[in-house]
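Just below is one structure, and these are the notes that go with it.
The values are calculated or read from the model by the stated rules, or taken from the named source; none is laboratory data. It should be emphasised that the depicted structure is a prediction, and the values quoted were computed from it without experimental measurement. Methodologically, a virtual Cβ is constructed for each residue, glycine included, from the backbone with ideal geometry; neighbour enumeration extends over all protein chains shown. Surface areas here come from the heavy atoms of the whole protein model, side chains and all, with no ligands, DNA or RNA. Shrake-Rupley method; radii C 1.70, N 1.55, O 1.52, S 1.80 Å.
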Amino acid sequence: MMSFILQITNTVASAVADTAAAVQPAVTGIQTAPELPPNEISLFSMVAKGGVIMIPLAILLLMSIYVMVERLLTISKASKKNATLLASVKEMINNGNLANARSLCKSVNTPEAIMLEQGISRIGQSMQEIREAMDKAGSSELSRLEKNMSILNITGRIAPMFGFIGTIIGVIKIFYDISVAKTVEIEVISSGLYQKMITSGGGLVVGVIAFIGYHFLNTRIDKLAHRMEETQIAFLDILNEPSK
């Protein structure tokens, strides 16, 4: 009886060993299989998958960047403060050198200086007329600084709409591809999904850039306008000093 049990045990052990030997190469093969390199896609290729709707979005983006850079340089130049301008104008006015005061303002050629030049040219008239002339000059200079700012405002509003149009086109493409292929496999709908998501994201990105640029530049202009108001008040106080 014992010999029979030992024989069965040896048989089972031999079978297990043979099975392990057969499985080992397969396991080894799985472990040593080379890893597939991850798929990579360039930014240009990804944007190209958005379709033709990306063309107007690209145009809007380039226009926005151009306007932002050009306006930023112009506003930065106009915002340079001449700390001695008002003191020099005051000294010249008190000495009766109105022509020199006007020439100084023209040479500085900033919105503040142009506004002061208009005020100096009205000396001898009523304070109301001087104030109105300065207000008109200041408004004209601020309007010049706001030139083309409407492009940023419009771009910030319509760029997301272009993205939404691209989303609708992508959805239409998905359903068309499904109807042709008679299946909803990912390979069939991936093209439409790419177009849908990329155009939506592109529209939002362009809109956000234009929106930030518009409000940033407006903030700079508002600060300059506030400074011009302070300069106008100080100038009018100078004119009122002799009458005290």
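In whole angstrom, note down how far apart the Cα centers of the stretch 119-150 and the stretch 188-230 are.
The stretch 119-150 and the stretch 188-230 have Cα centres spaced 32 Å from each other.
Once you list every other residue whose beta carbon is under 12 Å from the beta carbon of Lys49, what net charge do they have if Lys and Arg are +1 and Asp and Glu are -1?
So the environment of Lys49 carries a net charge of +2.
With a/c under 1.5 counting as rounded, go ahead and sort the stretch 133-179 into rounded, prolate or oblate using the C-alpha gyration tensor (a ≥ b ≥ c being the square roots of the eigenvalues; past the cut-off, prolate if a/b is larger than b/c, else oblate).
Cα axes put the stretch 133-179 in the prolate bin.
Rounded, prolate or oblate: which fits the stretch 177-228, taking a ≥ b ≥ c as square roots of the Cα gyration tensor eigenvalues, rounded meaning a/c under 1.5, else prolate when a/b beats b/c?
Note, shape of the stretch 177-228 comes out prolate.
Less than 15 Å Cβ to Cβ from Asn148, Lys/Arg counted +1 and Asp/Glu -1: what total charge do the surrounding residues give?
Value of the local net charge: +2.
Which entries of Lys77/Lys136; Lys173/Lys196; Lys81/Lys223; Lys90/Lys223; Lys49/Lys173; Lys49/Lys196 show an alpha-carbon separation above 18 angstrom in the structure shown?
With Cα atoms farther than 18 Å apart: Lys77/Lys136; Lys90/Lys223.
Taking R0 as 41 Å, what's the FRET efficiency between Lys106 and Ile212 from their Cβ-Cβ distance, rounded to 0.05?
0.70
Checking a compactness column here: for the stretch 138-244, what do you get for Rg(Cα) / (2.2 N^0.38 Å), N being the number of residues?
Normalised Rg, Cα atoms only: 1.97.
Show Lys80, Lys173 ordered by accessible area, largest first, where the area counts protein heavy atoms only and the probe is 1.4 Å.
Lys80, Lys173
How much solvent-accessible surface does His226 expose, in Å² to the nearest 10, with a 1.4 Å probe and all protein chains in place?
We get 100 Å² for His226.
Ile55 versus Leu236, label points 7 Å from Cα toward the beta carbon: distance in nm?
The answer from the label model is 5.5 nm.
Counting only protein heavy atoms, what percent of the accessible surface of the stretch 197-244 is carbon or sulfur at a 1.4 Å probe?
C and S atoms contribute 66 percent here.
If R₀ is 25 angstrom, what is the calculated FRET efficiency for the pair Leu72 and His226, using the beta carbon separation as r and rounding to 0.05?
Efficiency for this residue pair is about 0.85.
How much length would be gained if the chain were fully extended between Val171 and Ser45, taking 0.36 nm per residue of separation minus their Cα-Cα distance, in nm to one decimal?
That works out to 43.3 nm of additional length.
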